[in-house]
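Step one of this worksheet: look at the structure below.
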């Protein structure tokens, strides 16, 4: 039985093991107030992306929900791509907003700025680009649109830890930028997320977000505290933060290996419909497009190669009951297959993946 080549596989060494044991033995495993390792991780990540403020939470979903809670989007519209994880749209609904799905650019699979313009109405409150696979959306155009129409930009950077755009790290372009540190992500934790804040009043926003991540608790003095805003149980635990601190130290190194893997895919996979190579991309995964996806994935799995589908378009889920037509998104949704890029892939495994993709596609 051949060993399976995993689609996702976090890169770890002894440093994560030591950090977990240290937290375990301390018996201080979590704090709603975000002290110790959580505080340290926030500050290390802040310096890494050159952000103004950072607030750590327990997932990318929590980050999106909290970020959107800072805007009054009740009965207002939020423009999002449909090709994303369901959390992107769910967070809009959770905050009383109306998701307005925009079609994507066929080359990048990120939202198409020209199509954004056609969706803007008096009710448009936020544009929420997703940096798909770690390849940046066209932020220059999106931020220009937002400025001209006085619309806020909240970024879904769940795939983009360590990615850049125009020589600046993702995390310091839009007003609020949401990261995910799920175990499959480039910077992996048992569970984790973060909001980067880049506004003039970033300190005030960070304070409110820190209250909201801990059920709204504020002004804590000993056993006494107050609640000024509704909040959730969204704080990051000490184990995740400790692992995150170690993961961050090696993020550039592991992302460099992902880029090397992606470059080989780009150069050696014979398909025309494939993810472009971009040195600023974090390559959370590498996507290709095939016609008979079910058969193709079955063949690769028989050869011990795991693949994925990222994603079924959100507007096609029954909950959203959307009748809109997004021709590019729907076509991609039928054809997309994601391949592993993680740093644990051996050279022979990478060569095998390329050979099997070319054989069966």
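For first residues located in segment 36-50 and more than 18 Å from residue 207 (Cβ to Cβ), partners that are in a loop (DSSP other than H, G, I, E, B) and modelled with pLDDT under 95 and lie 6+ apart or on another chain with Cβ distances below 6 Å form the pairs 49/172; 50/172. Please list, ordered by first then second residue, the pairs with beta carbon atoms under 7 Å, 6 or more apart or interchain, first in segment 320-347 and touching a residue at least 40 places away in the same chain (Cβ under 8 Å), second surrounded by fewer than 17 Cβ atoms within 10 Å (Cβ to Cβ) and part of a strand (DSSP E or B). Going by the 7 Å Cβ cut-off, the qualifying pairs are 338/308.
Is it the case, given these coordinates, that residue 305 is under 30 Å from residue 99 (Cβ atoms) and outside the structural domain of residue 189 (by TED's automatic domain parsing)? When the stated conditions are applied, residue 305 does not pass them. Considering the conditions (1) under 27 Å from residue 289 (Cα atoms); (2) touching a residue at least 40 places away in the same chain (Cβ under 8 Å); (3) in a loop (DSSP other than H, G, I, E, B), residue 137 is excluded by exactly one of them, (2).
Residue 110 fulfils the conditions (1) touching a residue at least 40 places away in the same chain (Cβ under 8 Å); (2) closer than 26 Å to residue 325 by Cβ; (3) in contact with a helix residue (DSSP H, G or I) (Cβ under 8 Å, 6 or more places away or on another chain) except for a single criterion, (1). If the condition is being touching a helix residue (DSSP H, G or I) at 6+ places or on another chain (Cβ under 8 Å) and surrounded by fewer than 17 Cβ atoms within 10 Å (Cβ to Cβ), then segment 129-145 contributes only 141.
For residue 160, all conditions in the list (1) under 21 Å from the mean Cα position of the chain (by Cα); (2) assigned to a helix (DSSP H, G or I); (3) under 25 Å from residue 337 (Cβ atoms) hold save one; what is the number of the exception? Every listed condition holds for residue 160 apart from (2). Return a yes/no flag: does segment 344-353 have any residue that is surrounded by fewer than 20 Cβ atoms within 10 Å (Cβ to Cβ), closer than 21 Å to residue 110 by Cα and within 25 Å of the chain's Cα centre (by Cα). No: segment 344-353 contains no residue that is surrounded by fewer than 20 Cβ atoms within 10 Å (Cβ to Cβ), closer than 21 Å to residue 110 by Cα and within 25 Å of the chain's Cα centre (by Cα).
The values are calculated or read from the model by the stated rules, or taken from the named source; none is laboratory data. What you are looking at is a predicted structure, and each value in this text was computed from that prediction instead of being measured. Cβ coordinates were reconstructed from backbone atoms using ideal geometry, including for glycine residues, and neighbour counts include every protein chain displayed.
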